[in-house]
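Read the structure below first, then the notes.
The values are calculated or read from the model by the stated rules, or taken from the named source; none is laboratory data. Since the model is a prediction, treat every value here as computed from it, not as a measurement. Don't worry about glycine lacking a Cβ; one is built from the backbone with ideal geometry, like all the others, and counts go over all protein chains shown. When the accessible area is computed, the model is the full protein with side chains, heavy atoms only, and any ligands, DNA or RNA have been set aside. Shrake-Rupley method; radii C 1.70, N 1.55, O 1.52, S 1.80 Å.
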Amino acid sequence: MSLNLDALMEVIRLRRSMGLSRLSDRPVPRECIEVMLEAANWAPSHRDTEPWRFQVFMGDGRAVLAEHYAAAHLADHPDQDPESAHKRAWAAPVWIAIGLVPGFNEEGERAVPRDEEVMAVSGAVQNLHLAARAQGLAGMWHSKGLSVHPVVRERLEWNDPAELLGFFMLGWPEGEWLEGERGPWPEKVGWVTSP
Ligand SMILES: Cc1cc2nc3c(=O)[nH]c(=O)nc-3n(C[C@H](O)[C@H](O)[C@H](O)COP(=O)(O)O)c2cc1C
């Protein structure tokens, strides 16, 4: 059975990273997010460790995230008002924390090296992002500052050896979709077709 390659390529090409200033505050139905999470869960992982974890903050639940961000900000800047960190949680209708929980074998050792777990989570987030785009939803994987702060990680209970790999901010796009740009793929590829 052949599936719809044109539709797949269109979603892949039109997926864009869109940050907070490009997201409207219109709420996102939970069903849309559930499709994204199912898509994420279909990612491949070496030894089937399925290391991806997600924590969704939406609606009033963002108050909990605001407290996490404020606590992280205060840990770094005890003398500052954490208001800006608090506000960040309300700047997107949905935030999805991206976690990594490694798999272990029967001997209590990591089932695969850390890099491979990160690779698997990356595939899951790409699936999630594509499923967002296919529904007209925009977002971006953010992997700096508060998005990977140890205090936020602790509060999410992703303690070592689990990791916090960032947050995916999600919402309906405000205004136009961004144009994508890539160097030509043939310049990044070698072919070996004979001995
Ligand atoms: C693992 C990962 C982490 C990222 N972290 C950030 C980030 O912290 N801040 C940011 O502005 N963009 C971040 N991005 C988005 C990239 O900048 C974006 O994917 C890139 O510019 C290509 O744009 P496109 O996704 O629209 O094709 C991240 C992307 C990935 C895959």
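How many of the residues making up the stretch 19-42 are within 16 Å of the ligand (Cβ to nearest atom) and closer than 15 Å to Glu176 by Cα?
5
Tell me yes or no: at least one residue of the stretch 5-18 is of a type in the set (Asp, Glu), without any contact (Cβ under 8 Å) to a residue 24 or more places away in the chain, away from the ligand (no atom under 16 Å from the Cβ) and outside any strand (DSSP E or B). Step through it out loud before you land on a result.
We begin by selecting, within the stretch 5-18, every residue of a type in the set (Asp, Glu); these are 6, 10.
From the residues that got through so far, the ones that are without any contact (Cβ under 8 Å) to a residue 24 or more places away in the chain too are 6, 10.
Cutting the leftovers down to away from the ligand (no atom under 16 Å from the Cβ) gives us 6.
After this cut, where a residue has to be outside any strand (DSSP E or B) as well, the list is 6.
Within the stretch 5-18, one or more residues are of a type in the set (Asp, Glu), without any contact (Cβ under 8 Å) to a residue 24 or more places away in the chain, away from the ligand (no atom under 16 Å from the Cβ) and outside any strand (DSSP E or B).
Which residues, taken from the stretch 150-166, are in contact with a Leu (Cβ under 8 Å, 6 or more places away or on another chain) and either within 26 Å of Pro27 (Cβ to Cβ) or not in a helix (DSSP H, G or I) (or both)?
Val152, Leu156, Trp158, Ala162, Glu163, Leu164, Leu165 - these are the residues of the stretch 150-166 that are in contact with a Leu (Cβ under 8 Å, 6 or more places away or on another chain) and either within 26 Å of Pro27 (Cβ to Cβ) or not in a helix (DSSP H, G or I) (or both).
Applying the selection to the stretch 160-178, what residues are in contact (Cβ under 8 Å) with a residue 12 or more places away in the chain, surrounded by fewer than 18 Cβ atoms within 10 Å (Cβ to Cβ) and acidic (Asp, Glu)?
Glu174
Name, by its number, the condition in (1) open to solvent by less than 40 Å² (accessible area, probe 1.4 Å); (2) within 18 Å of the chain's Cα centre (by Cα) that does not hold for Lys144.
(1)
Taking the criterion of being of a type in the set (A, V, I, L, M, F, W, C) and open to solvent by 70 Å² or more (accessible area, probe 1.4 Å), would at least one residue in the stretch 32-48 satisfy it?
Yes, the stretch 32-48 has at least one match.
Given the residues Ala97, Ala124, which is the only one that is within 16 Å of the ligand (Cβ to nearest atom), assigned to a helix (DSSP H, G or I), surrounded by 16 or more Cβ atoms within 10 Å (Cβ to Cβ) and within 15 Å of the chain's Cα centre (by Cα)? I'd like the intermediate steps shown before the answer.
Numbers: Ala97 fails: assigned to a helix (DSSP H, G or I).
Just a single option satisfies the conditions, and that option is Ala124.
Out of Gly171, Gly180, which single residue is more than 14 Å from the ligand (Cβ to nearest atom), over 20 Å from Val101 (Cα atoms) and among the small types (Gly, Ala, Ser)?
Numbers: Gly180 fails: more than 14 Å from the ligand (Cβ to nearest atom).
None of the others qualify; the one that does is Gly171.
Would you check if Gly171 is at pLDDT 95 or above, within 20 Å of Trp90 (Cβ to Cβ) and touching an Asp or Glu at 6+ places or on another chain (Cβ under 8 Å)?
Working: at pLDDT 95 or above: yes; within 20 Å of Trp90 (Cβ to Cβ): yes; touching an Asp or Glu at 6+ places or on another chain (Cβ under 8 Å): yes.
Spelling it out, Gly171 is indeed at pLDDT 95 or above, within 20 Å of Trp90 (Cβ to Cβ) and touching an Asp or Glu at 6+ places or on another chain (Cβ under 8 Å).
Mind listing just one residue for me: the one in the stretch 72-92 that is assigned to a helix (DSSP H, G or I) and surrounded by fewer than 15 Cβ atoms within 10 Å (Cβ to Cβ) and, of those, nearest to the chain's Cα centre (by Cα)?
Step one: list which residues in the stretch 72-92 are assigned to a helix (DSSP H, G or I), which gives 72-76, 83-88.
Still in the list and also surrounded by fewer than 15 Cβ atoms within 10 Å (Cβ to Cβ): 75-76, 83-84, 87.
Values: Ala75: 24, Asp76: 24, Glu83: 24, Ser84: 22, Lys87: 20 Å.
Of everything passing the filter in the stretch 72-92, Lys87 is nearest to the chain's Cα centre (by Cα).
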